[in-house]
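Encoded as structure tokens, the structure appears first; notes follow it.
The values are calculated or read from the model by the stated rules, or taken from the named source; none is laboratory data. All of these numbers come straight from a predicted model, not from anything done at the bench. Using ideal geometry, Cβ is built from the backbone for each residue, glycine included, and neighbour counts are taken over all protein chains shown. Accessible surface areas use protein heavy atoms only, side chains included; no ligands, DNA or RNA. Shrake-Rupley method; radii C 1.70, N 1.55, O 1.52, S 1.80 Å.
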Amino acid sequence: MSKNKIEQNPAGDQLIVGESIENVRAGFSRRDMMRTVLAGSLLGATSTGLLTIAGSAQAQTATPRRGGKIRIATQSSATSDTLDPAKTAHSTDYTRAHMFYNGLTSLDTKLAPEMVLAESMLTNDATVWVVKLRSGIRFHDGKPLTPADVVYSLMRHKDPATASKVKVIADQFDSVKAIGPNEVQIKLTGPNADLPVILATAQFLIIKDGTTNFTTANGTGAFKCKEFTPGVRTIAVRNEEYWKSGKPYLDEIELFGIPDEAARVNALLSGDVHWINELNPRSTTRIKSTAGYSVLETKSGLYSDLVIRQDVVPGNSMDFTLGMKYLMDREQIKAAAFRGYAVVANDQPIDPTNRFFFAGLPQRPYDPDKAKFHLQKAGVIGSTIPLVASVAATGSVDIALLMQQSAQKIGLKLDVKRLPADGYWSNQWMKVPLGFGNINPRPSADILFTQFFKSDAQWNESGWKNAQFDQLLVASRGETDFDKRKKLYADMQTLVHEKCGIGIPVFITNLEGINSKIKGIQPIPLGAFMNYTCAEYVWLEA
């Protein structure tokens, strides 16, 4: 599920932003660093650990051309598609929302936060933050951006009636209020140095005060909504009065879903669309060998996971959970399901590119004997267990079939049920005893843990409840000492690895197919389409 870590980027460059401020050398005080890092330009750390000005997220190597239309095809569409940022739940929603709305912050290619609608974010204690808004910004209906819009946009997530996908994160907002004509104060329930990163997620994009009707979009973004038909398509046209001078470059973008991957590839290579995501590794050779097209490869924390509901039979047996995890031949899954475009994982959701990755956790091997031992204790050997998979969860059908073969060898029949992508996330994910999820990378370890592993999280896939984990999560947010925070995250990864009903076999390299006429692309290791923000930055070569 879509499904976005201040972390190492794919090249291994570490960042010093917010959460690692205690590590900064050169005599900066904690207060000085917090104020310096979060006001205006952002500071990143090179691989040598020295502070440098972070580069633009959209570095340009050629003069952008104005004009033209592109068509983007994603892997999913449904009648539940939305223009309400709070309810966005997958890559199609995220891409659509970023066309029409802006956030207070965004993330650059190294996942450092940059100021967008916010001109600065200042704090002395990571609990009380003062956000200064840029002036002269207007919504598509001509009304100016005000502190009231920010207050409404953030606080509505706390109302259960909003059905926000990030309510569990927004519950950290103790209060949000205007403290001046262009300033907002955000007070958290406890310190969280990740706030500028959190506010860059799609659900926290800013809407107009009081908005409840989302049949169209009224944002401050680079495009205006010309057409929105849920489950069919979205057409966005240039906002001629966009507050960023010279942008956007394109006249129009059409966004729609093509759930079948082969059909997406055919649409790309026939020229019907310009950009596709969720590319199957098997299709890479065909695209690379076709003149005028290329494959964009981005390593990240993306994973498809085996979801074992621990609140129903048979997943309520810890032995069943362990047995299923030992049935995953991770090297085989990497080779067969992803053609090598993956990194072996270890049932811990923090990937090796992340500076909080716990490398000391012993790798869980493929071990049919241990699997059989635990599954016998769970009382399922000799029985038939349904396993739900879908192309909606990248690679899950292949993973399921490989696990089915392994299970047969020890006397367990896995009945693989292949379901279509349409409606999978609404009707199957988290609702079947044994199935698969697909989790896009998140911009921080805290967001990932909060959204998917906290006991009361809406997207707690396996229904796992662990009081110790919840306590560690709260403690880690307020810990600004890097080494101490890393230890807390290591303990949390260990708990997930040992006790949670989630099996993560590999981290998937994000693959996208692109028409070579699209320029200005800079991969961001959080999601497809430049972390879903491509609309504002790309242009079409003549």
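Laid out as a table, the results:
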| item | result |
| --- | --- |
| Total charge dipole magnitude, the chain, about the Cα centre, Cβ charges on Lys, Arg, Asp, Glu only, Debye to nearest 20 | 360 |
| Cα gyration tensor category, rounded, prolate or oblate, for region 354-402 with a/c compared to 1.5 | oblate |
| Label point distance in nm, Glu252-Thr229, each placed 7 Å from Cα along Cα→Cβ | 1.4 |
| Length-normalised contact order for region 317-436 - Cα pairs under 8 Å, 6+ apart - percent | 28 |
| Per residue accessible area of the chain, 1.4 Å probe, in Å² | 36 |
| Nearest-20 debye value, region 322-467 charge dipole, Cβ charges on Lys, Arg, Asp, Glu | 220 |
| Region 399-464 - percent relative contact order, Cα under 8 Å, separation 6 or more | 16 |
| Option label - Cα extents along the principal axes in Å computed here, alternatives [x] 68, 55, 47; [y] 106, 68, 52; [z] 70, 49, 49 | [x] |
| Listed residue pairs exceeding 30 Å between alpha carbons, taken from Lys167/Lys484; Lys409/Lys454; Lys177/Lys519; Lys110/Lys454; Lys187/Lys431; Lys165/Lys499 | Lys409/Lys454; Lys177/Lys519; Lys187/Lys431 |
| Surface accessible to a 1.4 Å probe, Arg330 within the full protein complex, Å² | 10 |
| Kirkwood hydrodynamic radius of region 158-316, Cα pairs, Å | 20.4 |
| Label point distance in nm, Asp260-Met318, each placed 7 Å from Cα along Cα→Cβ | 4.6 |
| Of the trypsin sites (Lys or Arg not before Pro) in region 359-436, those whose Cβ has at most 16 other Cβ within 10 Å and which sit in DSSP loop | Lys409, Lys431 |
| Kirkwood-based Rg to Rh ratio, region 73-209, C-alpha trace | 0.95 |
| Carbon plus sulfur fraction of accessible area for the chain, probe 1.4 Å, in percent | 50 |
| Gained length - Asn213 relative to Asp369, 0.36 nm times residue gap less alpha-carbon distance | 50.5 nm |
